[in-house]
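See structure below.
A short reminder: the numbers here are calculations on the coordinates, not readings from a lab. Every value quoted in this text rests on a predicted model; they were computed, and no experiment measured them. For neighbour counting, all protein chains shown are included, and Cβ atoms are generated from backbone atoms with ideal geometry for every residue, glycine included.
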Amino acid sequence: MSAVYWALLAALTLLWPLQAHASPSYPAVLDDALGLGCSPRCDLCHVSKPGFATANTPLGRTLRKAKLRCCDDDGLVSVLEQLETTAIDSDGDGIGDIEELKMRDDPNALDTSLPCKRAQVADGSRVFGTTCAAAPGSAGSAGLGGTLVWVAALVLVRRLLRRS
């Protein structure tokens, strides 16, 4: 009985941190790869604060469909090249996503400009006032609500195991 409970608890402990990671380097990678002159804000791909499964804007869904995964800068560059080659158009305006990004237009909506972070230059390097990173337990992750669901599930499993 307790072996199954502790195995579930160990699995939860090991897997929980994996669910709430965004890719803090992606805005700068987009800027560098496409020569945008600015790092896009997180809401270019995310519909809420970045975290687990929030990359649900039209471009975010296109990138996920192209098998882009968290924290893979080289993978992002490859997916961008693939999207440029195939001229994928997430907002249906007849202009490919990469072409729109290079024009500093938002590929998620018609006639809108690219949402960029405000850059502050310090010692010749880029410093941005916001970040796309979401650490476990932050507002962008499953947070307290997700933790409570897991705790309730473990309590239920333990009770069921005690009855058998």
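Which residues' amide hydrogens lie under 5 Å from the amide hydrogen of ASP105, considering only partners 5 or more residues apart or on another chain, with H built in the peptide plane?
Distant-sequence amide H within range of ASP105: LEU114.
Applying 1/(1 + (r/R0)^6) with R0 = 22 Å to the Cβ-Cβ distance of LEU154 and ASN56, what FRET efficiency is obtained, to the nearest 0.05? Don't skip to the answer; put the middle values down first.
Numbers: r = 29 Å, r/R0 = 1.32.
Computed FRET efficiency for LEU154 and ASN56: 0.15.
Can you figure out the FRET efficiency of THR112 with VAL77, using R₀ = 25 Å and their beta-carbon distance, to the nearest 0.05? Walk me through the numbers on the way to the answer.
Details: r = 25 Å, r/R0 = 0.98.
Result of the calculation: an efficiency of 0.55.
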